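Here the structure comes first, spelled out in structure tokens, and everything after it is commentary.
The values are calculated or read from the model by the stated rules, or taken from the named source; none is laboratory data. Everything numeric in this text was worked out from a predicted model, so none of it was measured. Methodologically, a virtual Cβ is constructed for each residue, glycine included, from the backbone with ideal geometry; neighbour enumeration extends over all protein chains shown.
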Amino acid sequence: MNKDATQIWGLKRDITPCFGARLVQEGHRLHFLADLAGFNVSFSEMQARDLEEAFPHFVAHMELMLLSGELNPRCAHCVTLYRNKLTCEADTLGSHGYVYIAIYHSNQVKD
């Protein structure tokens, strides 16, 4: 394996910088494990602060989506959330136990 290669844990997006994670699903609860997460390129200090503030809100919203069935552990369906100039895409990918996410600064998206 290439020593410079980084493990991408979340949804793979061609956007930099991007934070990806695989959240562990337990019923309608989500658990973040730092060893199942990473950045493809480091966020700026301001972007990191935005992420730190927004992340718990994204997780709480995804837990509500699991409860309502909008996120389903048996079906792949991508949902998009926005907060603090950040975009969070989430999908179970039909994995029965994980929610994969990608979080990036909203202005990084190219039209």
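Only residues that are more than 13 Å from Ala21 (Cβ to Cβ) and either touching a Leu at 6+ places or on another chain (Cβ under 8 Å) or not small (Gly, Ala, Ser) (or both): list them for region 94-104, please.
Correct list: His96 only.
How about region 63-77: which of its residues are of a type in the set (A, V, I, L, M, F, W, C) and not in a strand (DSSP E or B)?
Hits for region 63-77 are Leu64, Met65, Leu66, Leu67, Leu71, Ala76.
Just checking, does region 55-73 include any residue being at pLDDT 95 or above, within 21 Å of Ile8 (Cα to Cα), surrounded by fewer than 19 Cβ atoms within 10 Å (Cβ to Cβ) and in contact with a helix residue (DSSP H, G or I) (Cβ under 9 Å, 6 or more places away or on another chain)?
no
Can you find a residue in region 71-86 that is without any contact (Cβ under 8 Å) to a residue 24 or more places away in the chain, closer than 23 Å to Pro17 by Cα, in contact with a Lys or Arg (Cβ under 9 Å, 6 or more places away or on another chain) and of a type outside the set (Gly, Ala, Ser)?
no
Can we say Asp50 is of a type in the set (Asp, Glu), farther than 14 Å from Gly10 by Cβ, touching a Leu at 6+ places or on another chain (Cβ under 8 Å) and surrounded by 11 or more Cβ atoms within 10 Å (Cβ to Cβ)?
yes
I'm trying to understand the selection: among the residues of region 47-70, which are of a type in the set (Lys, Arg) and touching a Lys or Arg at 6+ places or on another chain (Cβ under 6 Å)?
none
Tally up the residues in region 98-111 that are touching a residue at least 12 places away in the same chain (Cβ under 8 Å) and part of a loop (DSSP other than H, G, I, E, B), please.
Selection size over region 98-111: 1.
Identify the residue in region 78-97 that is assigned to a strand (DSSP E or B) and out of contact with any strand residue (DSSP E or B) (no Cβ under 7 Å at 6 or more places or on another chain) and, among all such residues, is surrounded by the most Cβ atoms within 10 Å (Cβ to Cβ).
Of everything passing the filter in region 78-97, Arg83 is surrounded by the most Cβ atoms within 10 Å (Cβ to Cβ).
Hey, could you check region 1-22 for residues that are among the β-branched types (Val, Ile, Thr) and at pLDDT below 80 and say which is farthest from Tyr100 (Cα to Cα)?
Step by step, filter region 1-22, then rank; the result is Thr6.
Might you check whether a residue that is in contact with a strand residue (DSSP E or B) (Cβ under 6 Å, 6 or more places away or on another chain) and assigned to a strand (DSSP E or B) occurs anywhere in region 40-62?
Checked against the condition, which is being in contact with a strand residue (DSSP E or B) (Cβ under 6 Å, 6 or more places away or on another chain) and assigned to a strand (DSSP E or B), region 40-62 yields no hits at all.
Within region 16-47, count every residue that is surrounded by 12 or more Cβ atoms within 10 Å (Cβ to Cβ), of a type in the set (A, V, I, L, M, F, W, C) and more than 29 Å from Cys75 (Cα to Cα).
The total comes to 1.
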